[in-house]
Every structure is written in C-alpha cells, then in structure tokens.
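We did not get these values from a lab; they are worked out from the coordinates using the rules stated. Worth saying up front: this structure is predicted, and the values here are computed from it rather than measured. Note that each Cβ is placed from the backbone with ideal geometry, even for glycine, and that neighbours are counted across all protein chains shown.
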Amino acid sequence: MKLWGGRFSQDTNELVEQYTASIAFDKRLAEVDIRGSIAHAKMLGTTGIIAEVDANLLVTGLNEIRHDVEADKIEWRVEDEDIHMNVERLLHERIGPVAGKLHTGRSRNDQVALDMHLFVKESIQELQAAVSRLQQVLLEQSERHLDVVIPGYTHLQRAQPILFSHHLLAYFWMLQRDFDRLEDVHRRTDMSPLGAGALAGTTFAVDRQYTAKLLGFAGLYENSLDAVSDRDYLIEFLNTASILMMHLSRMSEELILWVSEEFGFIELSDAYCTGSSMMPQKKNPDVPEVIRGKTGRVYGHLMALLTTLKGLPLAYNKDMQEDKEGVFDTLDTLLPALELVRGMMNSFTVQTHRLKKVFGQDFSNATDVADYLVQKQMPFREAHAVVGQLVMQAIEKGTNLAGLSLADYKACSPLFDKDVFAAIEVRRVVDARQSRGGTGTSAVIQQIEYAKDTLRSQRSKSIGI
C-alpha cells in the first residue's frame, strides 16, 4: 500500500506509476535527502515533538541507509515514486513503525525543495573550483607565452597584432565573471525551505533555525508558499551555467580555428583529438567540437525550466518534478567540459614557425601608420584616408605596408619619414599599446599580476575553492 494511499480504493495504474515516478533520476539526491532527514529527526527530538529515543533511532536507521547508498547496495523501487518515499520505506523496513514519525511536521514539498537547495549549493562549489583551475592554467600559459604575437581579429578579419597572452587573459576575465555569478547564485541558494510543510507551514513547533544551522544554511525562506514553489535559484543556476558554457564554446571554436591548416597557430595534444576512419592524415579536434555542440543542450535546459514554470499557480505542482533532470544534466555536461578545456589549454603547442610568417602579407599595422601621422598633428580622419590609399597601393603591388618604399609613403603625405618603418614593426606595434588593459607587454604583465591577486582572493573565500 502507498504511504499516502489511505483515501484511495484502487491501485495506481502501472503506466501512471512509470510515467510520474522520479526515482530513476532523483535517486541522485539520496545523500542530501538523508542528510536533510537526519537534521529534521534531530530537530523533532530536540524540540520534544517526538521522544528523544525515537529521534535517535531515526538517525541511526538513516545513517545505516546512507552507508548502504554509498556502498551501492540499495535497490530503488519505481512503485515508491521518488527518493523520499523510497528512503522512508527502507527506514520502515529497518526500524519498524517508528519510521512513520520521521515525516512529522514535514511534507515532500519542503523536503524536495531542501534536497535541491543542498545539491545545487554543493554543485556551485564544484563548478567554482573547476573554473578556478581553468583560470590558473590560462594564467600560467599567459606567463609562458609573453613572447608570442598573434593576429587579433574583428569580423574574423585581421585587425591588429596582439600578444597571445593578452588573448588568453580575455578568457580568464570571462571566467572570472562566471565565478562571480556562481557566487551570487550560491547566495540565493543558501536558504532553507525546511519547515514550510506542504504550503502553509505546520502546526508543530518546529525549529527552522536549528535545522538550517545543522545543514549549513545562511538563511530561511520567510514565506511558506514561496519556500516550496521557488525555483528561481535553479533558473539562475542554469542561466549562469549557460553563460559559462557559452564561454567554453567560444574558446573551443577558437581552438578549432587555430589548429586548422588555414590558421596553424597551435597544435592540440593527441590526447584531445581523434582520427578519421577513412583519411589517415586527419587529426580532428573532436573534443572542442563536442563541447561546442553540447552548449545548445545546456541552453535547452534553461528554456525548458523557464517554460515549465511560466504558468504555474502557487504553490507546489507536479510539473516541478521537471526541474531536476535538466539541472543534473547541466552539471554532468559542464564539469567535464571545464576539465577538458583545462587539459587542452594546458597541453597545446604553439606553432612558432607559422606565427613568425603570419604577418608577412597582412595590414594589421595600418592603424599604427595612421597614429604615426596623428603624432605629427594630422587629424585622425585625414590620416585614416591617407593610410587607406597606402593599403590600396600595397594591394595593387602585391605587398603590405612594410613592402612599400619611402617614396610611396611620401607621395601620400610629406609627413612620412624613414622612421615610419620602425613604427610599424610588429613587436613595436604591440608594445605601443601600454594603456591599462592593452596588449603591450608591460600592460599584460600588470594584468597578469592583477589576475594572480584575483585568484588568491578566490582561494581565500569561505565558499571553498
């Protein structure tokens, strides 16, 4: 008989049991569910709502079940619907009728809300640790490659030369925003709904502060309806995960471009590539491609939950069962992606011989020619037009700006002198940009030191990196 079956005269249809049961995926919550039940049982005993001896028996039985869960000895039953009813049934089998006292002053509604709060809190900490590890690798590679210059792009067209370190650090700061967003989500997840009951609270004198303290929560929901129906923190979690996944996808896209023969800037380790079943020469960047592909999957979970919740009246509705699989899958997609990107970023090889040749035919120093004229008091718009004429001449001659003669320059403006050729040398072009946040070597070194301070600050936070 169902634990809730007292007012029913017919058995549940078998297909209904299969279709509405959540145990197939919410068994993942077993540890946090048991932890929450132990806190609830202790509170029931401490407040005198049930006898202390009964509370101790509940805690002992729950700890035994937790041990068996960790040892993978539990057989979960679909007919028990969800993780909560499965655990309660297992507890009844171990300690008898006293198990029925565990649910005093509690509903599955505040119980499942509690489970997800606990699960997401810990998931956020896992993700933050993984983000921090990836940032560390990006920082190390930035220090290691301060001598490497690559083209910077806009519209995927050569724009200006930049330090490779500067490019890598751009992702460091993207990930820093992701880290901060996760911390912000953690703050709103760090609230206990336990004690809200089904929707209206409970007639028992439960001590919600006590259970919140036992479970490590910083605060409580102040409204019982809100406590059992709030899924905002899950939407925020999925939104933050989507932004983080988007950043990993952009990083993956650039790796895919950089390893192509058309770019040839880096080579990925064989450990993160696969071959072709037909073409023996191929070394395919499958790992970044899969990460790029899985990004849509994470986006989908965010849209699915937003759609599920958009028309729900207060308080709990069975639709909310759909909040879990997307969160679980997002975590299972994102954590490995972070580790894989970290591995790729930690093991690539820069193709220095290709990069030495890369600026031989481009015009990425054109802005510096214009700046040269501006320093000689020509208005920038006029300088822009002059350099545009020079670029056109170079294209017609099959060369670049460095390949033009001084006479070619002077024909466009008498302000040019032979020092223009030094001004447009690639490394000088890069190092001229010393403004804070720029790509000049001294500016990038300053940025690296700031990034190191940022990582040190992360590790000093209590959130557990």
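Using packing as a proxy for protection, rank 203-214, 396-407, 230-241 so that the peptide with the highest average count of other Cβ atoms within 10 Å comes first. All intermediate terms of the calculation are to be shown ahead of the outcome.
Working: 203-214: 17.0, 396-407: 13.7, 230-241: 21.4.
Peptide ranking by packing, descending: 230-241, 203-214, 396-407.
Shape of the range 5-104 from its Cα gyration tensor (a ≥ b ≥ c, root eigenvalues): rounded if a/c is under 1.5, otherwise prolate when a/b > b/c, or oblate?
oblate
If we count every other residue with Cβ under 14 angstrom of residue 42's Cβ, Lys/Arg +1 and Asp/Glu -1, where does the sum land?
Numbers: positive: 35, 101, 106, 208, 213; negative: 52, 54, 207.
That sum, taken over residues with Cβ under 14 Å, equals +2.
As a quick test, which of the pairs 121/324; 282/356; 356/452; 27/318 have an alpha carbon distance above 23 angstrom in this structure?
Violating the 23 Å limit, Cα to Cα: 282/356; 356/452.
Report, by chain and number, residues whose modeled amide H sits under 5 Å from the one on residue 220, excluding near sequence neighbours (fewer than 5 apart, same chain).
192
Between rounded, prolate and oblate, where does the range 366-458 land on the alpha carbon gyration tensor, with a ≥ b ≥ c its root eigenvalues, rounded for a/c under 1.5, else prolate if a/b exceeds b/c?
Numbers: a/c = 3.18, a/b = 2.53, b/c = 1.26.
Since a/c reaches 1.5 and a/b is larger than b/c, the shape of the range 366-458 is classed as prolate.
With only Lys, Arg, Asp and Glu charged, each at its Cβ (+1 for the first two, -1 for the last two), find how big the charge dipole of the chain is about the Cα centre; round to the nearest 20 debye.
Dipole magnitude for the chain comes out near 1220 debye.
Sort out for me the Cα centre separation of the range 264-310 from the range 20-69, rounded to whole Å.
40
From the helices alone, meaning DSSP H stretches of at least four residues, give me the mean residue ellipticity at 222 nm for the chain, per-run term -39500 (n - 2.57), in deg cm²/dmol to the nearest 500. Numbers along the way, then the final one.
Details: 19 runs with 282 residues, N = 465.
It comes out at -20000 deg cm²/dmol, rounded to the nearest 500.
Mind checking which of 420, 404, 392 is farthest towards the positive end of the range 366-458's charge dipole, using Cβ charges of +1 (Lys, Arg) and -1 (Asp, Glu) about the Cα centre?
420
Once you charge only the Cβ atoms, +1 for Lys and Arg and -1 for Asp and Glu, what is the size of the charge dipole of the range 366-458 about its Cα centre, to the nearest 20 debye?
Numbers: 11 positive and 11 negative charges, 39 e Å.
Computed about the Cα centre, the dipole is about 180 debye.
Of all beta bridges DSSP finds with both residues in the chain, what is the antiparallel percent, to the nearest 5?
Given both bridge residues lie in the chain, the antiparallel proportion sits at roughly 80 percent.
How big is the chain along each principal axis, measuring the range of its Cα positions in Å and listing the largest first?
Rounded to whole Å, the extents work out to 99, 52, 39 Å.
Give the peptides 453-461, 408-416, 335-343, 161-169 in descending order of average Cβ contacts within 10 Å, highest first.
161-169, 335-343, 408-416, 453-461
Among the lysines, select those whose C-alpha is under 18 Å from the C-alpha of residue 42, and discard any that sit fewer than 8 residues away in the same chain.
Those lysines meeting the cut-off are 101, 213.
Explain nothing, just compute: Karplus ³J(HN,Hα) = 6.51 cos²θ - 1.76 cosθ + 1.60, θ = phi - 60°, for every residue of the range 312-323 in order, whole Hz, x for Gly and Pro.
These are the phi-based 3J(HN,Hα) values: 7, x, 5, 10, 7, 9, 4, 3, 5, 4, 6, 7 Hz.
For the charge dipole of the chain, defined by +1 on Lys and Arg C-beta atoms and -1 on Asp and Glu C-beta atoms about the Cα centroid, which residue among 113, 366, 200 has the Cα displaced farthest towards the positive pole?
Comparing the listed Cα positions along the dipole, 366 ranks first.
Residue farthest toward the positive end of the dipole of the chain, with Cβ of Lys/Arg at +1 and Asp/Glu at -1: which of 336, 326, 377?
Of the candidates, 377 comes out farthest on the positive side.
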